[in-house]
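*Asks:* This is the structure I have questions about; it appears just below.
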Amino acid sequence: MSGILQLCATPIGNLGDMSPRILECLQNTDLIAAEDTRNSIKLLNHFDIHTPLTSYHEFNKVEKAYSLIAQMREGKNVALITDAGTPAISDPGEIIVRMCIEAGITVTSLPGPCACITALTLSGLDTRRFVFEGFLPREKKDRDKVLKSLESETRTMILYEAPHHLKETLDDLSTALKEGPERKIALCRELTKKFEEVLHTTIGASILRYENEDPRGEYVLVIEGRNPEMISAEEAAVWESMSISEHVAMYVGRGMDRKEAMKAAAADRGVSKRDIYSALEKEK
Ligand code: SAM
């Protein structure tokens, strides 16, 4: 019988957050795959766990996954831990999960600390609808594309960021999200640690805050989504200056068929579809 892959969440700063269930799993599994073995050995020693350890990181994530899957096929159970938090969230865990599913290996998750959810709960922002973006891409073209897609995002947005990139990211967010009132942001750092800090502020004010101070520690940024009413107000402004045929053409250009486009234009203008039809006939 095949073994299984167990995703084990580890503390993001406070060792008290290690769950008894995960400790038991790490004690009893056949092999622990860790993102940074030097880092994880300290954690495992602290809990007196001496299970064999192997490395699984960004630079061996595909070929090592094949070798771990082969071991699971032989019946070994593998526990995956990453540097901190929940494996597969902005770390190399994602790919091995996919490969195990494709190989028919059972994957189970032992939940625990996760930086993005911890930050979201502390943000004071809308927690019902949120989007997790992880780290913004470093490459300009990819980064601009993501920032552009965030412009009209109405859900709360969560980003990870390292301290040495924080100022640049705040500047980029300020440019990308400039429409409308100043956006609220929660800057969450050193979560679960002694010097945990959550700064509830705006993007503009946070830029000023770090003008004369270097950011320290790992950050999660939780940003208010765009007010949907503002978007509909802008949409209205767009079609108000259009003729009826231009208005209908706008919706056709967005992929609607002509009937749907006429219905949408009629709804915008608060008139019947018949009115739109006769206006189009007159405009001809
Ligand atoms: N898989 C982990 C998770 O979701 O919990 C995250 C791994 S990712 C490589 C590391 C990033 O998580 C950091 O750069 C930071 O943005 C965030 N992070 C991790 N621990 C944190 C903490 N204690 N306080 C604030 N942010 C943290």
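The values are calculated or read from the model by the stated rules, or taken from the named source; none is laboratory data. Note that this is a predicted model, so its numbers are computed, not measured. Neighbour counts run over all protein chains shown; Cβ positions are idealised from the backbone, glycine included.
*Asks:* For region 168-200, enumerate the residues that are surrounded by 16 or more Cβ atoms within 10 Å (Cβ to Cβ), part of a helix (DSSP H, G or I) and not aliphatic (A, V, I, L, M).
*Replies:* Result: THR169, ASP172, SER174.
*Asks:* Okay, moving on. Go through (1) more than 10 Å from the ligand (Cβ to nearest atom); (2) farther than 16 Å from GLU35 by Cα for THR118 and report which single condition fails.
*Replies:* That leaves (1) as the condition not met.
*Asks:* Which of the residues that make up region 62-83 are within 14 Å of the ligand (Cβ to nearest atom) and buried (at least 18 other Cβ atoms within 10 Å of the Cβ)?
*Replies:* Matches in region 62-83: LEU80, ILE81, THR82.
Every residue, every condition in (1) more than 22 Å from GLY13 (Cβ to Cβ); (2) assigned to a strand (DSSP E or B), yes or no:
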{"site": "ASN39", "(1), (2)": "no, no"}
{"site": "LEU43", "(1), (2)": "no, no"}
{"site": "THR54", "(1), (2)": "yes, yes"}
{"site": "LYS61", "(1), (2)": "yes, no"}
{"site": "TYR66", "(1), (2)": "yes, no"}
{"site": "ALA79", "(1), (2)": "no, yes"}
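*Asks:* Right, ARG216: at pLDDT 90 or above, within 16 Å of the ligand (Cβ to nearest atom) and exposed (fewer than 15 other Cβ atoms within 10 Å of the Cβ) or not? I'd like the intermediate steps shown before the answer.
*Replies:* Numbers: at pLDDT 90 or above: yes; within 16 Å of the ligand (Cβ to nearest atom): yes; exposed (fewer than 15 other Cβ atoms within 10 Å of the Cβ): yes.
For ARG216, the condition - at pLDDT 90 or above, within 16 Å of the ligand (Cβ to nearest atom) and exposed (fewer than 15 other Cβ atoms within 10 Å of the Cβ) - is met.
*Asks:* Shifting gears a bit: Could you list, ordered by first residue, the pairs with Cβ atoms under 6 Å in which the first is in region 33-56 and surrounded by 15 or more Cβ atoms within 10 Å (Cβ to Cβ) and the second is small (Gly, Ala, Ser) and in a strand (DSSP E or B), at least 6 apart or interchain?
*Replies:* THR37/SER55; SER40/ALA34; LEU53/ALA34; THR54/ALA33; TYR56/ALA33
*Asks:* Then there is this: Restricting attention to region 84-99, and to residues there that are closer than 14 Å to LYS61 by Cβ and touching a residue at least 60 places away in the same chain (Cβ under 8 Å), which single residue is nearest to the ligand (Cβ to nearest atom)?
*Replies:* The initial filter retains those residues of region 84-99 that are closer than 14 Å to LYS61 by Cβ, namely 87-88, 90-99.
Adding the requirement that they be touching a residue at least 60 places away in the same chain (Cβ under 8 Å) leaves 87-88, 90, 93, 96-97.
Details: PRO87: 6, ALA88: 7, SER90: 4, GLY93: 7, ILE96: 14, VAL97: 13 Å.
Residue satisfying both the conditions and the ranking: SER90.
*Asks:* Name every residue in region 6-24 that is more than 16 Å from the ligand (Cβ to nearest atom) and either crowded, with 20+ Cβ neighbours inside 10 Å or not hydrophobic (A, V, I, L, M, F, W, C) (or both), in order of residue number. So that I can check it myself, show each step before the final result.
*Replies:* Within region 6-24, the subset more than 16 Å from the ligand (Cβ to nearest atom) is 20-21, 23-24.
Scanning region 6-24 gives PRO20, ARG21, GLU24.
*Asks:* Test of understanding: among MET262, MET242, which residue is part of a loop (DSSP other than H, G, I, E, B), farther than 30 Å from LYS193 by Cα and touching a helix residue (DSSP H, G or I) at 6+ places or on another chain (Cβ under 9 Å)?
*Replies:* Numbers: MET262 fails: part of a loop (DSSP other than H, G, I, E, B).
Of the residues listed, the single one that is part of a loop (DSSP other than H, G, I, E, B), farther than 30 Å from LYS193 by Cα and touching a helix residue (DSSP H, G or I) at 6+ places or on another chain (Cβ under 9 Å) is MET242.
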